[in-house]
Amino acid sequence: MSSTPEDFQPVKSAGRTLDLLELLADHPHPWALGDLARALGIPKSSLHGLLRTLTNRGWVRTDETGTRFRLGLRALRVGAGYLDGDDQIGLLSGVLDELSRRFGEAVHLGRLDGDQVVYLAKRESVHRLRLYSAIGRRLPAHATALGKALLAEHPDQDVDGLLSWPLPRLTPHTLTDRDALHAALATVRAAGHAVDREENAEGIMCLAMAVPLASPAVDAVSVSVPATRLRPELETSIVTALRETLGGLTQARSMLTG
């Protein structure tokens, strides 16, 4: 007999394991047992056994005292496997390379995951003044050009369901008002690209465009530039390059879905 969503009963031990790994991934610093127990709401005795199991398997590692815990090397295997197994990431590698070559600025590929955008790939800026980023980093979608490019792929009522209200304010420029965000997404739909004007990080501006390999798009590509370097002519050149490099991918869409 097939089960329905109402019949689903989560496995408690599996849920605790995933909660632990996600906490260690989101906050990559050494954790004491007591701090982990409080953060996760798991009794120390249960958590200790879970940590020992994961440590023995290489998913968690300890310091020389054996009292502080962080992600182990085995965790990298899963992340790398996800990236290696995603055809879309490989297909877009050339796009990232070309944008990086043209502008020498930070280039990112991001994917929408609920109310956040996750960096899947990047190319570093050649300049000393640059945006800090890391593959796997998660950012609020409403505060990034990547996120707004992807949120604009959905009607406003669906956007409201995707986001967690009230929206966090990362800088004085972050859009947190519902009507203001709706207006910004309407501008993205009309222009075909999104702009982050110091909404995620002060001093950094970003331009992004959704990747036309799915409808609605799930990935977007961005170019990030310090505000001091983003002159109007450079902004125009980046938008034109995004259109040129991503516009040619429409034919590849049938290859991925065929």
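Please work out the Kirkwood hydrodynamic radius for the range 84-223, using every pair of different C-alpha atoms, and report it in angstroms with one decimal place.
Numbers: mean 1/r = 0.0667 Å⁻¹.
Its Kirkwood hydrodynamic radius stands at 15.0 Å.
Checking the cross-link filter: which lysines have an alpha carbon closer than 26 Å to that of Lys44, excluding same-chain neighbours under 8 positions apart?
Counting by Cα, and skipping residues close in sequence, Lys44 has these lysines nearby: Lys12.
When the chain is fully extended, how far beyond the present Cα-Cα distance does Thr55 get from Gln157, taking 0.36 nm per residue of separation?
Value of the extension gain: 32.3 nm.
Can you pull the percent of the range 48-107's accessible area that's carbon plus sulfur, 1.4 Å probe, other chains left in place?
50
Counting only heavy atoms of the protein chains, get the accessible area per residue of the range 1-134 (1.4 Å probe) and round it to a whole Å² value.
Heavy-atom accessible area per residue stands at 63 Å².
Tell me the label-point distance for the pair Val126, Arg74, using the 7 Å Cα-to-Cβ offset, in nm and rounded to one decimal.
Placing both labels 7 Å along Cα→Cβ, they lie 4.3 nm apart.
In the neighborhood of His29, defined by Cβ-to-Cβ distances under 14 Å, what is the net charge if each Lys or Arg adds +1 and each Asp or Glu adds -1?
Net local charge, His29 excluded: 0.
Compute the accessible area per residue over the range 137-258, keeping the other protein chains in place, probe 1.4 Å, unit Å².
The answer is 45 Å² per residue.
With unit charges on the beta carbons (Lys and Arg positive, Asp and Glu negative) and the dipole taken about the Cα centre of the chain, which residue among Pro28, Leu112, Pro212 sits farthest to the positive side?
Pro28
Could you give the size of the charge dipole of the chain about its Cα centre, using +1 on the Cβ of each K and R and -1 on the Cβ of each D and E, expressed in debye and rounded to the nearest 20?
Numbers: 29 positive and 31 negative charges, 200 e Å.
Around 960 debye, computed over the chain.
Report, in degrees rounded to the nearest 10, the 0 to 90 angle that the Cα long axis of helix 232-247 makes with the longest principal axis of the chain.
Taking Cα atoms only, the helix is inclined about 70 degrees.
Which residues make up the longest stretch of the chain that has no trypsin sites (Lys or Arg not before Pro) in a DSSP loop with at most 12 other Cβ atoms within 10 Å?
It works out to 129-258.
Cut-off under 24 Å on the C-alpha distance; same-chain residues fewer than 8 positions from Lys148 excluded. Which lysines are left, in chain and number order?
Filter leaves Lys122.
Show me the three semi-axes of the equivalent ellipsoid for the chain, from the C-alpha gyration tensor (sqrt of 5 times each eigenvalue), largest first, rounded to whole Å.
35, 22, 20
Between Ala32 and Asp113, what FRET efficiency comes out of the Förster formula 1/(1 + (r/R0)^6) with R0 = 41 Å and r the beta carbon distance, rounded to 0.05?
Step by step, r from the Cβ atoms, then E = 0.90.
Could you please state how large a percent of the accessible area of the range 113-258 is carbon and sulfur, counting protein chains only and using a 1.4 Å probe?
53
What number, rounded to the nearest 500 deg cm²/dmol, is the helix-based mean residue ellipticity at 222 nm of the chain, given -39500 (n - 2.57) per DSSP H run of at least four residues and division by all its residues? Could the numbers behind the result be given before it?
Details: 10 runs with 116 residues, N = 258.
Mean residue ellipticity, 222 nm, calculated: -14000 deg cm²/dmol.
The values are calculated or read from the model by the stated rules, or taken from the named source; none is laboratory data. None of these values were measured; they are calculated from a predicted model. Using ideal geometry, Cβ is built from the backbone for each residue, glycine included, and neighbour counts are taken over all protein chains shown. With ligands, DNA and RNA removed, areas are computed over all heavy atoms of the protein, side chains included. Shrake-Rupley method; radii C 1.70, N 1.55, O 1.52, S 1.80 Å.
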